[in-house]
Amino acid sequence: MTDWRSPAGLALALFMLGLLGLLARKNLVFVLMSVEIMLNAAGLLFIAAGMRWSTPDGQIMFIAVLNLAGAELAIGLALLLRLRGRLTTLDGDAAILLRDSS
Amino acid sequence: MMFWAPAAVALATTMLAITRANPVHALLWFVVSLLAMAVIFFGLGAAFAAALEVIVYAGAIVVLFLFVVMMLSLDRAAALREKIFMARPVWVVPIIFVALLGAAIAFAVFGAPMPQMAGSAVPPRDVALRLFGDDLPAVELASLLLLAGLVVSFHLGVEPKK
């Protein structure tokens, strides 16, 4: 069985890559994908911890993370579609006004 | 070998995914990354989680992503604009901060002495017994969360009448 440190290090690296994409990209499709990468990294950490302590709790938390990712993505993509219909662009910078720009 | 090869694939494809200009290409790299993660889960002794990773993540979530990208009907101009935006040095400051934060977390997690313990595989039977036994409220909460997501998507998906 693998040492727990290597999956934990991989989870850290993937989380940081997702955070990097979240900070550096402007297109909202990529921002949502970066959030998915970060959630997936958290799931990997839960699985590794579940293996380290030989308990099913890690996989149960992974299933919870999976649920959260699904619900978050559904709402995020619905918001994305509405934003596209309103602004005709997907740049996050375009949605800085909380009121109608008319 | 069961860990390092898929780990390298996952890291490389994730890096490719967050640097593409075309969303469809990025999503396809992301699928490869998720499949590599499923192999890692399998190697860690979590076979059920590996199956869920392929079925739910790569099969449902990314396909939802792809459908929405199709509905957005992004054209070449959008990809070109993104490419022009990424040609500027937008990565420098985020890389500095992410490296600092990652180094701090790595020091906190791996710097501390921690007793080594050989983990063991967790079969799906144990997961199911716990999930539908002691942790049954978590299942109910998950269904509530998904119901809330469904209601919000329906509410947001309806275009308001002009």
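The values are calculated or read from the model by the stated rules, or taken from the named source; none is laboratory data. Worth saying up front: this structure is predicted, and the values here are computed from it rather than measured. All Cβ positions, glycine included, derive from the backbone under ideal geometry; neighbour counts span all protein chains shown. Heavy atoms of the whole protein, side chains included, go into the accessibility calculation; ligands, DNA and RNA do not. Shrake-Rupley method; radii C 1.70, N 1.55, O 1.52, S 1.80 Å.
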Inter-chain shielding metric for B:135-147, i.e. average beta-carbon neighbours from other chains within 10 angstrom, reads 3
Can you list the equivalent-ellipsoid semi-axes of region B:4-121, largest first and in whole Å, using the square root of 5 times each Cα gyration tensor eigenvalue? 31, 23, 10
When the Kirkwood radius is taken over all Cα pairs of the protein assembly as shown, what Stokes-Einstein diffusion coefficient follows at 37 °C and 0.692 mPa s, in µm²/s? 167
Accessible area lost on pairing B with A, both sides, 1.4 Å probe, Å² to nearest 100? 6600
I want to verify a result. In a Gaussian network model of chain A, Cα cutoff 10 Å, which of these has the top mean-square fluctuation: A:74, A:42, A:11? A:74
Just want the answer: with Cβ charges of +1 for Lys and Arg and -1 for Asp and Glu, which residue in A:78, A:53, A:15 is farthest toward the dipole's positive end in chain A? A:78
With every protein chain kept in place and a 1.4 Å probe, the residues B:4, A:4 fall, from largest accessible area down, as B:4, A:4
Can you tell me the length gained on complete extension of the stretch residue B:96 to residue B:16, counting 0.36 nm per residue apart and subtracting the Cα distance? 26.9 nm
Whenever you get a sec, compute what percent of the accessible area on region B:66-162 sits on carbon and sulfur atoms (1.4 Å probe). 75
Calculate the mean, over all residues of peptide B:26-36, of how many other protein chain Cβ atoms lie within 10 angstrom of the residue's Cβ. 2
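Based on DSSP H runs of at least 4 residues, each adding -39500 (n - 2.57), what is the mean residue ellipticity at 222 nm of chain A after dividing by all its residues, to the nearest 500 deg cm²/dmol? It would help to have the intermediate numbers written out before the result.
Details: 3 runs with 76 residues, N = 102.
After summing the helix terms and dividing by residue count, I get -26500 deg cm²/dmol.
Given only helices, namely DSSP H runs of n ≥ 4 each adding -39500 (n - 2.57), what is the per-residue ellipticity at 222 nm of chain B, to the nearest 500 deg cm²/dmol?
-23000 deg cm²/dmol
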Can you pull the Rg over Rh of region B:122-162, Cα-only, Kirkwood? 1.34
